[in-house]
Amino acid sequence: MNRNLFRSRRLSSILDAVGNTPLVRLERVARSAPGVEVYVKLEFCNPGGSVKDRPAKRMMLDAIEDGRLTKDKILIDSTSGNTGVAYSLVGAALGYRVALVMPKNVTKARKDITQAFGTELIFSDPMEGSDGAIRLVRKIVDENPDKYFYPDQYSNPSNPAAHYHGTGQEILDALGDRITHFVTGLGTSGTAMGTTRRLHEHSRKIYCVAAEPLEALHGLEGLKHMPSSIVPPIYDKDLPDEILSVPTEAGWDMSDRLAAEEGLHVGHSTGANVWAAVKLAERAQKEQGGGCVVTIACDRGDRYFAPMKWEKRYTW
Amino acid sequence: MVTIRIPTPLRTLTGGEEQVKAPGETVRAVIDALEKNHPGIKDRLLDEKGVRRFVNLYLGDEDIRFLDGLDTKVKSGDEISIVPAIAGGA
């Protein structure tokens, strides 16, 4: 596509700004594999600031089309933040009410952003993590099934479908036959499942890897340690060619390096993704002498700014 | 005795218990006592520099980083919470 035309595109709705995100080459953090191209797809360029705009838009539009979501219902789901921002944005743009269940310890920024769109927040026990939020939203919906539309991003096929038709296709459009590897982290697993399915259909084999936190108690917000979690129904463990474990510290350190060395201030899940991508690049360099690895930048780092140390009485 | 609230991901180490009790006069001593009954838990919480960066330990409602860290004094009846990072969905 003509770059100038693309950059100056005129849109009739904010929802048309979702997708077609840029793919950026990483030079410095991947210099341990100089013969391998490493690219990161900047999903924070979506209007809601994260990769989650894709599934939220798709889940809502699909539900509106077949009548599951109507204007007299409230959309409700559990989310640690980015999906909530995306639902809130799409809901505001289309005129649908949104309520979100999130663990009480999500960052204040997340709460403020979603509330800015007019979204109602319901808090679950921070000790129970995201699984506690899932259990609470199910209870609320069970008590009032007619009042709510519960998209359930963990089991909704529109979630991976957004990546099959969007993320995966866009990567192929941008790189064609050059891409040899793809890796992304597992949360709902929507990004990994949908993108991997599309890339596996390509005529030449693309080795697709899923990254997950090494430990059950981890600090890679947005990612799930599958062995100790409620496994999302959309997750097919046999789909990825490999599962790569990422230590929290490695993901955090890579986030810092991406900001300082590449000018990419990203969240920790992106740090984990890029760490895994560099591992794969090093392996490709050693075993094949070259290659092209693609991963995802899920969101920007400013979404995770914690309160300053002197703000002693903060709640998150 | 101090009560320690255990988050879901660590309950494999406490036989599924949501709360356990341990003695000690500082947070550090309580964690050492916890390790005796639930081997492996200390490694999940601490590294050589102290509390791991992504683990939050609360005494009551206060993060111990804003108190005296691992040297924070505790008394019988206090409650320490191990609060996990959020695990959502990418």
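Throughout, read-outs are computed from the coordinates displayed, never taken from laboratory work. This one's a predicted model, so the numbers in the text were calculated from it and none came from an experiment. All Cβ positions, glycine included, derive from the backbone under ideal geometry; neighbour counts span all protein chains shown.
Observations on the model:
- Among residues other than A:I122 with Cβ under 14 Å from its Cβ, the summed charge is +3 (Lys and Arg +1, Asp and Glu -1).
- Inverse of mean 1/r across different Cα pairs in region A:1-154, Kirkwood, Å: 17.1
- Net +/- balance of residues flanking B:K42 in space, Cβ distance below 11 Å, scoring K and R +1, D and E -1: 0
- Mean-square fluctuations from a GNM of chain A, with a 10 angstrom spring cutoff on Cα atoms, peak among A:S229, A:S12, A:S124 at A:S12.
- Hull volume per residue, based on the alpha-carbon atoms of the protein assembly as shown and their convex hull, is 152 Å³.
- Taking other residues whose beta carbon is less than 13 angstrom from the beta carbon of A:R197, and scoring Lys, Arg as +1 and Asp, Glu as -1, yields -3.
- Cα-based equivalent ellipsoid of region A:52-113: semi-axis lengths in Å, sorted from largest, via gyration tensor: 21, 11, 10
- About its Cα centre, the protein assembly as shown has a charge dipole of approximately 780 debye under the convention of +1 per Lys or Arg Cβ and -1 per Asp or Glu Cβ, with nothing else charged.
- A simple rule links phi to the HN-Hα coupling: the Karplus curve 6.51 cos²θ - 1.76 cosθ + 1.60 with θ = phi - 60°, which for region A:93-103 gives 5, 9, x, 10, 7, 10, 10, 10, 9, 9, x Hz, with x for Gly and Pro.
- Shielding by partners, peptide A:123-129 (average Cβ within 10 angstrom, other chains): 5
- Counting Cβ atoms of other protein chains within 10 Å of each Cβ in A:217-229 and taking the mean gives 6.
- Distance (nanometres) between label positions extended 7 Å along Cα→Cβ at A:D177 and B:K36: 6.8
- DSSP beta bridges fully contained in the protein assembly as shown are about 35 percent antiparallel.
- Nearest-0.05 FRET efficiency for A:I122 and B:D43, computed from C-beta distance (R0 25 Å): 0.10
- Among A:20-33, A:37-50, the order from most to least packed when residues are scored by Cβ within 10 Å on average: A:37-50, A:20-33
- Couplings 3J(HN,Hα) of region B:20-27, computed from phi: 10, 10, 8, x, x, 9, 9, 4 Hz, in residue order, whole Hz [Karplus 6.51 cos²θ - 1.76 cosθ + 1.60, θ = phi - 60°; x for Gly and Pro].
- Chain B - convex hull of the alpha-carbon atoms, volume per residue in Å³: 103
- Using alpha-carbon coordinates, inclination of helix A:53-65 to the longest axis of chain A, degrees: 50
- Once backbone amide H atoms are built at 1.01 Å from N, A:V38 has A:L26, A:V293 as its partners under 5 Å, excluding neighbours fewer than 5 places away on the same chain.
- Residues whose amide H falls under 5 Å from that of A:C208, counting only those 5 or more places apart or on a different chain, are A:F182, A:D241, with hydrogens built in the peptide plane.
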